[in-house]
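Worksheet: one structure, shown below.
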Amino acid sequence: MLQSVDFRERVSMNIFDKKYYIALLGILIIFVLPQVVRAQNSPRLTLSDAVRIALKNNRQIAILQKDIEKAQGEREAASRILQDNPEIAGEMTHRRKGAQSLTDFGISLSQPIEIGRQRHYRMKIAEFNFLKVQLQLQKEKLVVTEKLKGIFIDLTALNMKFQSLQNILKVEQDLLQWFSIRATHGEISSVALNTLRLEVLKTKEKLLDIQRMIIAKRRELEWVMNSPLPEGMEIVYGWPRFPTKVEPEKLWGYAEEYNPDLKIALMELKRSEAELKLIKAGHMIPNFNFSLTRSREDNDNLIGVGLAIPLPLFNRRTGEIKAARAEQEKAALELKRVHEKLRSEIYQQYETLTLRERQRKLFVEEILPITQQNLDKIKTRYQMGEISLMTLERFWDSWIEAKISYADFLQKYYHTLCQIELLVGVELNEVLKEHPLEEQKNEE
């Protein structure tokens, strides 16, 4: 009897356990699982995402796109064969001839016609203006892209410093705990313990300062994208990708092909030349004005054709020609200035990049490994009681300084690459997609 009761109790308990586990599983599915899924699928922002958002929301880009629409309209207007609308004029007179009362009337239709290739030059001017606005849009997109790269470079460097300081803080806190135990046994003085406490506080203060700079950079990122960052959005840190080393002459060749400032200066020169030719065309061969007339006089119907040619006796447009010629010479000088300045800056930035490459090799192959080895050895010697705390602190500071200096260096290094892309006028990865043989040669 007791066994049967125990059996029934065990069966009821098993049923209760199953119901309990099913209910618990339901609670987990309803309440816990969505939280886990949301945590795993938290929004992430990459550099490419930021560029896409910024190019879509940037106000200056929107303004330039409207300028392109305006330039398209001006190009269509310049292509019209008849620039001026025809004119229609009429008159009516009433007179008396003897005993008769007569009414005369006349009507004329006239149309100015250009015969000095003014339409051709006007179309060229409109085309140059259209290309200039397109180049300005291209430049603005590149500026926004490189600005975002710069922000991600700064955030990556700050994150690198933050992670290094967090590791340092963990080691310092472990060391402080060990010091506290030794201090309670009278093995070290309170001065040594407080010295380490001050180091921990200094590291915490540096972490707070870096957090402040990260927040400021996130706000700058929002401003450039013209879009707020959603709550909890994770920024994917990482150095922007750049191609392998490109020779300065290749960079200069790309700049001549892609740099928008150089192309805009060239467009200005061509536009000023077309402006001068347009003025000269109107001066050398004035516009004709053809007219067709229909009138009635003394009950006679008259039909006539007229031709009017302006005589440039007083307004010879010499002032306009002089001003247009000065504008052309100015545009030619500006093109030379932009050309020389761009070439100088490219070679200057390339020299800077070459020096930074040497610095990078120095950091990776010597400075960082040596400081790490020294710190490991000094920690061991300190734990064995061979050196003092002050000696350990000195080597510890050297290690921290090397880590922070390397992050600062990488920040400057990648900013130099961004500056080179701005000078070239296009992202180097995009250039090398069009020159795969050169890219392969560089990688080899």
(message) Here is a list: Lys97, Lys70, Lys66. Which entry is open to solvent by 80 Å² or more (accessible area, probe 1.4 Å), at pLDDT below 80 and of a type outside the set (Ser, Thr, Tyr)?
(response) Lys97
(request) Filter the stretch 349-383 for residues that are open to solvent by less than 80 Å² (accessible area, probe 1.4 Å) and acidic (Asp, Glu) and give the result. (result) Glu357, Asp376
(request) Go over the candidates Arg360, Arg337, Arg356, Arg325 one by one and state the one that is in a helix (DSSP H, G or I), modelled with pLDDT of 95 or more and more than 30 Å from Ala89 (Cα to Cα). (result) Arg337
(request) Starting from residues that are part of a helix (DSSP H, G or I) and out of contact with any helix residue (DSSP H, G or I) (no Cβ under 7 Å at 6 or more places or on another chain), keep the ones in the stretch 182-202 and report whichever is least open to solvent (accessible area, probe 1.4 Å). (result) Arg182
(request) Could you check, for the stretch 383-392, whether at least one of its residues is out of contact with any helix residue (DSSP H, G or I) (no Cβ under 9 Å at 6 or more places or on another chain) and small (Gly, Ala, Ser)? (result) yes
(request) Please work out if Ile378 is modelled with pLDDT under 90, farther than 30 Å from Trp239 by Cβ, aliphatic (A, V, I, L, M) and part of a helix (DSSP H, G or I). (result) yes
(request) Tell me which residues, restricted to the stretch 260-280, are open to solvent by 20 Å² or more (accessible area, probe 1.4 Å) and either without any contact (Cβ under 8 Å) to a residue 60 or more places away in the chain or touching a Pro at 6+ places or on another chain (Cβ under 6 Å) (or both). (result) Glu273, Ile279, Lys280
(message) Checking Thr195 against (1) in contact (Cβ under 8 Å) with a residue 60 or more places away in the chain; (2) of a type outside the set (Gly, Ala, Ser); (3) more than 16 Å from Trp396 (Cα to Cα): exactly one of these is not met. Which one?
(response) (3)
(request) Could you tell me which residue of the stretch 203-214 is surrounded by the most Cβ atoms within 10 Å (Cβ to Cβ), considering only residues that are more than 14 Å from Glu393 (Cα to Cα) and in contact (Cβ under 8 Å) with a residue 12 or more places away in the chain? (result) Ile210
(request) With the checklist (1) assigned to a helix (DSSP H, G or I); (2) open to solvent by 30 Å² or more (accessible area, probe 1.4 Å); (3) aromatic (Phe, Trp, Tyr); (4) at pLDDT below 90 in hand, flag the one item Phe179 doesn't pass. (result) (2)
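Here is a yes/no grid of residues against (1) among the polar types (S, T, N, Q); (2) touching a Phe, Trp or Tyr at 6+ places or on another chain (Cβ under 8 Å):
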site: Thr103; (1), (2): yes, no
site: Arg119; (1), (2): no, no
site: Phe130; (1), (2): no, no
site: Gln136; (1), (2): yes, no
site: Thr156; (1), (2): yes, yes
site: Gln166; (1), (2): yes, no
site: Lys170; (1), (2): no, no
(message) Considering only residues that are surrounded by fewer than 17 Cβ atoms within 10 Å (Cβ to Cβ), among the hydrophobic types (A, V, I, L, M, F, W, C) and part of a helix (DSSP H, G or I), which ones fall in the stretch 215-259?
(response) Ile215, Ala216, Trp223
(message) Taking the conditions exactly as written (free of Cβ contacts under 8 Å to residues at least 24 places away in the same chain and open to solvent by 40 Å² or more (accessible area, probe 1.4 Å)), does Glu140 satisfy them or not?
(response) no
(request) Could you give me the residue pairs with C-beta distances under 9 Å whose first residue belongs to the stretch 86-105 and is within 17 Å of Asp300 (Cβ to Cβ), whose second residue is surrounded by 11 or more Cβ atoms within 10 Å (Cβ to Cβ) and of a type in the set (Gly, Ala, Ser) wherever it lies, and which are 6+ apart or on separate chains? (result) Glu91/Gly106; Glu91/Ser108; Glu91/Ser295; Met92/Gly106; Thr93/Gly106; Asp104/Ser295; Phe105/Gly90; Phe105/Ser295
(message) Residue under question is Leu422, and the condition is that it be closer than 20 Å to Val246 by Cα and exposed (fewer than 13 other Cβ atoms within 10 Å of the Cβ); does it hold?
(response) no
(message) Looking at the stretch 108-125, can you tell me whether even one residue there is of a type in the set (Val, Ile, Thr) and in a strand (DSSP E or B)?
(response) yes
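The values are calculated or read from the model by the stated rules, or taken from the named source; none is laboratory data. A quick note: this is a predicted structure, and the numbers were derived from the prediction, not measured. All Cβ positions, glycine included, derive from the backbone under ideal geometry; neighbour counts span all protein chains shown. Side chains are part of the model used for accessible areas, which takes the heavy atoms of the whole protein and leaves out ligands, DNA and RNA. Shrake-Rupley method; radii C 1.70, N 1.55, O 1.52, S 1.80 Å.
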